[in-house]
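These notes are about the structure you will find just below.
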């Protein structure tokens, strides 16, 4: 098995001469080179590229790589769900003075566009996180290549400053950048529990969730969505592709009777973002109406939280194990025990032991070796 760290991997001429199982960790579309470097790796194989299998750690991919064998193994979301559960976070959804929230750290294309749209639609009643040094919004030069719509171009070119105040985490040692912070000292669950819970999410009714995905047609759901669920909010995914559909598949209530998610499968990424806001403007601009809906739906918020705390994403990982070929299953079982500080090593030993006994196979350790064996995760790219 080969492991790739998506955000940092760039194809550098490696040649695959036999069918491989490739674990693609994290989002992997290169916004600068505007390509999937993993696809270049596959296309330059000396064997038939269709014989490779890609394992994604997220829930959906319908872009250029869908022509290959793909397995969706949401292990990152499962690990985040577990960390939030272990943090023993109490909820309070009764005090919600703000209509919506948003959280921005890295200045990705669509997140800058979100700030511009908030100005364009004159939305003001929100809680937010924006740990920048400046309120200047730099023009997205490359994003303009995706539209010739005069309205969108006027927004992109014309709005160069946000009225959203910059925020200061003051949450321990971190490296502050002009646009964002680097904080590797705290788990996301700790940051939520001690800071974002009371300052961003619980005081609001709707979460505008700006996951990392923008250009590509993928559903990458991260801790940002988990925070929205813990905060008892209605979700609007800004950017990404069919996030609501993917969450619906896992059993979550995405409030289709309240939120218009028809934006999520529009082909143009700028249109997906614009209409996520425009088609829900009647809620984002009307606090009284949105707060009333929020008060009426605590039981549905609780359903989502209970489902998350049951770690339905880990159950989906188990389901993928059961559906996979023996070769892919072996690879998944090497990924799982060593992921995120061996968080699920005990769970997988127990589940696989039951699975092997039921199938009349050899015990886990004898069949697959010690789960600690195999490639350790290499953040520099290809292992």
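For segment 31-182, what does the alpha-carbon gyration tensor say about shape, rounded, prolate or oblate, given a ≥ b ≥ c as the root eigenvalues, a/c under 1.5 as rounded, and a/b over b/c as prolate?
oblate
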task: Would you mind classifying segment 1-78 by shape? Square roots of the alpha carbon gyration tensor eigenvalues, ordered a ≥ b ≥ c; an a/c under 1.5 is rounded, otherwise it is prolate if a/b is larger than b/c and oblate if not.
output: oblate
query: Computed over the Cα atoms of segment 88-309, what is the convex hull's projected area averaged over all directions, in nm²?
result: 11.4
query: How many nm is it between the label spots at residue 322 and residue 124, if each spot is 7 Å from the Cα in line with the beta carbon?
result: 5.4
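So what is the relative contact order of segment 29-138, in percent, for Cα pairs below 8 Å that sit 6 or more residues apart?
17
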query: Of all DSSP beta bridges in segment 17-108, what percent run antiparallel (nearest 5)?
result: 20
statement: Two pseudo-spin positions, 7 Å from Cα along C-beta at residue 35 and at residue 50, lie apart in nanometres by 2.3
message: Among 1-7, 162-168, how do they line up by average Cβ neighbours within 10 Å per residue, starting with the highest?
response: 1-7, 162-168
query: Is segment 1-43 best put as rounded, prolate or oblate by its Cα gyration tensor, with a ≥ b ≥ c the root eigenvalues, rounded for a/c under 1.5, and otherwise prolate when a/b is larger than b/c, oblate when not?
result: oblate
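Relative to the present Cα-Cα distance, how much length would full extension add between residue 187 and residue 298 at 0.36 nm per residue of separation?
Working it through step by step, the gained length comes to 37.3 nm.
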query: Taking the chain as a Gaussian network, Cα atoms linked when under 10 Å apart, which of 252, 109, 339 shows the biggest mean-square fluctuation?
result: 339
Distribution of pairwise C-alpha distances over the chain, 10 Å bins, in %: 5, 22, 31, 26, 12, 3, 0
Selected from 199, 222, 325 as most flexible by GNM, with the chain as the system and alpha-carbon contacts under 10 Å: 325
- prompt: Roughly how many nanometres apart are two label points built 7 Å out from the Cα toward the Cβ at residue 133 and residue 94?
  reply: 4.4
- prompt: For the peptides 115-126, 38-49, what is the packing order when you average, over each peptide's residues, the other Cβ atoms within 10 Å and list the highest mean first?
  reply: 115-126, 38-49
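Where a number appears in this text, it was derived from the coordinates with a stated rule and is not lab data. Note that the coordinates shown come from a computational prediction; the quantities given were computed from them, not determined experimentally. Ideal geometry is used to build each Cβ from the backbone, glycine not excepted, and the neighbour counts take in all protein chains shown.
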